[in-house]
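To start, the structure itself, in structure tokens.
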Amino acid sequence: MSSDRPIPPPDDIIPLTRENIRSGRIRDWVSRHDGSFKPLSDDELRRTRAAMFPPDGRPDGPVWLFGYGSLIWNPAIEFVEKRPATVHGLHRRFCLQTYLGRGSRERPGLVLALDRGGCCRGVAFRIAPEHVESELDIVWRREMISHAYLPRWLTATTSDGPVRAIGFVINRGHERYTGALSEEAVADTIAHAAGFLGPCCDYLFNTVEHLDELGMPDAGLSRLARRVKEIRADGPA
């Protein structure tokens, strides 16, 4: 059987577009399909975003955003510049379980987060001053749908010098934080999970493909992608 065997998607697939994020369609879908999941309210989103810009909660110039996963290949925001960038002290890891976006209650999926140690190569996006408010609203509605991520100011090293960028770091106290799983466990999970955003393996494959295109391959993710393809080629678990 081909390693491109499709994973049956759920009945509702919602593309991760700026319109679906900004309108609240994705957040509403989550609320309807998981009664135990309480997304952050609009007030909580505004408060956590404003906390990044003391003392008055308003940015006074352009803002950089660091992408390390799906933000690289689907930023869904307007930006005026992007640069390959490296953050030290944090690394990219599949350590956040998902029951909805890339998985289900029956087969939870995994998504990437920044966890302690090492370094991470990704992309820094510069948002123009006149668009900071609107674009960060979209970013917060996407990344801060729950308390699983913590927004932090990171120093991102680029070829044109360091920039101070917002990044989303795993909340190790969150119930869906998995810690360090074995590579085989991660591969098996990703190979079989799917949610309303699509198959979990697509999330991995897209990240690997775009990191390669940017000239910053991630050896660990590439090895994981090869193993996921092998598992899928073997047929349903």
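Please go through the stretch 30-60 and give me each residue that is assigned to a loop (DSSP other than H, G, I, E, B), touching a helix residue (DSSP H, G or I) at 6+ places or on another chain (Cβ under 7 Å), open to solvent by less than 30 Å² (accessible area, probe 1.4 Å) and of a type outside the set (Gly, Ala, Ser), ordered by number.
Hit for the stretch 30-60 is 39, nothing else.
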Of all residues in the stretch 192-222, which are open to solvent by 10 Å² or more (accessible area, probe 1.4 Å), within 14 Å of residue 68 (Cα to Cα) and of a type in the set (Ser, Thr, Tyr)? 203
Looking at 53, 66, 37, which one is in contact (Cβ under 8 Å) with a residue 40 or more places away in the chain, out of contact with any Leu (no Cβ under 7 Å at 6 or more places or on another chain) and of a type in the set (Phe, Trp, Tyr)? 37
Check off (1) part of a loop (DSSP other than H, G, I, E, B); (2) under 15 Å from residue 152 (Cβ atoms); (3) touching a residue at least 12 places away in the same chain (Cβ under 8 Å) for residue 87 and give me the number that stays unchecked. (1)
Of all residues in the stretch 162-191 being open to solvent by 20 Å² or more (accessible area, probe 1.4 Å) and assigned to a strand (DSSP E or B), the one that is farthest from residue 120 (Cα to Cα): 177
Please verify whether the stretch 172-182 includes one or more residues that are hydrophobic (A, V, I, L, M, F, W, C), out of contact with any Cys (no Cβ under 6 Å at 6 or more places or on another chain) and closer than 20 Å to residue 108 by Cα. yes
Give the stretch 223-237 a look and list any residue that's open to solvent by less than 20 Å² (accessible area, probe 1.4 Å) and small (Gly, Ala, Ser), or say none. 225, 235
Matching residues in the stretch 5-25 - criterion: being modelled with pLDDT of 85 or more and surrounded by 15 or more Cβ atoms within 10 Å (Cβ to Cβ): 16, 18, 20, 21, 22
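The values are calculated or read from the model by the stated rules, or taken from the named source; none is laboratory data. Since this is a predicted model, take the numbers as computed values, not measurements. All Cβ positions, glycine included, derive from the backbone under ideal geometry; neighbour counts span all protein chains shown. Please note that ligands, DNA and RNA were not included when accessible areas were found on the heavy atoms of the full protein model with its side chains. Shrake-Rupley method; radii C 1.70, N 1.55, O 1.52, S 1.80 Å.
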